[in-house]
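Q: Sharing a structure with you now.
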Amino acid sequence: MEVYTKFAKSVPDLSRKLKQAGIIEEPDEYVKKIFFTAGFMSFGLSLVIFLFLPTPSTLLITPILFPFLVMYFLKYVDVKIEQIKRKVDQEIIFAGRFLIIELDSGVPLHTAFENIEKNYEIVGAYFGDIMNKVYLGTSLEDAINDTLLNAPSSNLRKVFWQVLNSIKTGAQAGSALNLIVDQIVREQQIAVKEYGKKLNPIAMFYMMVSIILPSIGTTMLVILATFIGLNITMPFFILLAGINAFMQFMFLSLIKSSRPPITA
């Protein structure tokens with residue numbers, strides 16, 4: 001356990017990232033789990049490859065794959081945070097405007113938080129978390145501050161910061177929240193325009209690497225193998241198809257992950 005604890009401490013902000021990702025585990029327990037999972041998967045993958053290419057050197061894939069899988073699972077926390085952030089950013093404008101209307105209508109702050117929890121699935125979970133802490137005896141300021149620190153979205157943190165400042169100063173939060181929501185809208189509109197500019201080169205690169213190059217390359221390889229008498233087996237083509245499928249999956253994931261949230 002001491003090894004996992006030391007490794008967990010070497011990963012910056014792992015504890016906070018796990019909370020932001022919604023993973024309810026201690027850092028050392030999470031590290032222990034990914035070590036076992038990475039070991040099992042690396043051995044399993046090397047065994048599958050050994051069935052197609054039965055050579056002793058194939059078993060060396062296990063120690064090579066293991067560190068990469070460990071880093072992948074550590075990176076999964078960041079990916080999970082980004083996924084939650086995107087979902088939060090898709091709702092934050094609507095939830096922010098809802099909060100402004102509630103406060104301008106004279107609805108008490110805790111009631112407004114409860115109403116947001118009922119009406120917005122993603123963003124509402126954070127407002128509901130605040131109210132749960134309040135019901136357990138935490139002050140509203142401390143509850144907002146605690147949830148704010150573990151919120152994955154900077155836009156959501158801006159909203160909480162403004163509400164927190166309004167509580168401390170006794171000022172009306174409506175006008176300041178209006179400015180924040182308008183700023184978020186402008187930022188998302190800029191992100192959409194930038195995404196449109198990036199999409200064309202990404203799509204062209206995808207066509208070249210994942211479609212044109214594999215098809216022409218495979219054809220040329222078969223022709224070349226015929227002339228030089230190279231024996232190409234079916235497992236080799238299966239391996240090429242697997243690599244191509246992986247590359248296409250990576251490109252599609254890249255396009256999907258770079259897509260900005262829809263602006264209200």
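Q: Using alpha carbon centroids, what distance separates region 184-258 and region 20-64, in Å?
A: Result: 26 Å between the Cα centres.
Q: Relative contact order for the chain: what is it in percent, counting Cα pairs under 8 Å that are at least 6 residues apart?
A: Details: 200 pairs, mean separation 45.0, N = 264.
After rounding, I find 17 percent.
Q: Let me ask something else about it. Points 7 angstrom from Cα along the Cβ direction at residue 26 and residue 83: gap in nanometres?
A: In this crude label model, residue 26 to residue 83 measures out at 2.6 nm.
Q: Further, regarding this structure: What's the longest uninterrupted piece of the chain once you rule out the GluC sites (Glu not before Pro) that are loop residues per DSSP with at most 16 other Cβ within 10 Å? Mind showing how you got there, number by number?
A: Working: sites that count: 25, 121.
The answer is 122-264.
Q: A follow-up question, please. Can you figure out the FRET efficiency of residue 240 with residue 10, using R₀ = 51 Å and their beta-carbon distance, to the nearest 0.05?
A: Details: r = 38 Å, r/R0 = 0.74.
For R0 = 51 Å, the calculated efficiency reads 0.85.
Q: In whole Hz, what ³J(HN,Hα) sequence does region 120-126 give by Karplus (6.51, -1.76, 1.60; θ = phi - 60°), x for Gly and Pro?
A: These are the phi-based 3J(HN,Hα) values: 10, 5, 7, 5, x, 5, 6 Hz.
Q: Under 25 Å Cα to Cα from residue 32, which lysines show up? Leave out anything in the same chain fewer than 8 places away.
A: Result set, ordered by chain and number: 6, 9, 17, 19, 75, 80.
Q: For the chain, what does the helix formula give at 222 nm: sum of -39500 (n - 2.57) over DSSP H segments with n ≥ 4, over the residue count, nearest 500 deg cm²/dmol?
A: Details: 11 runs with 209 residues, N = 264.
Dividing the helical sum by the residues of the chain leaves -27000 deg cm²/dmol.
Any read-out appearing in this document is the output of simple, stated calculations on the displayed coordinates, not a laboratory observation. Quick caveat, the model's predicted, so the values are computed rather than measured. Every residue, glycine among them, receives a Cβ derived from its backbone with ideal geometry; neighbour counts consider all protein chains shown.
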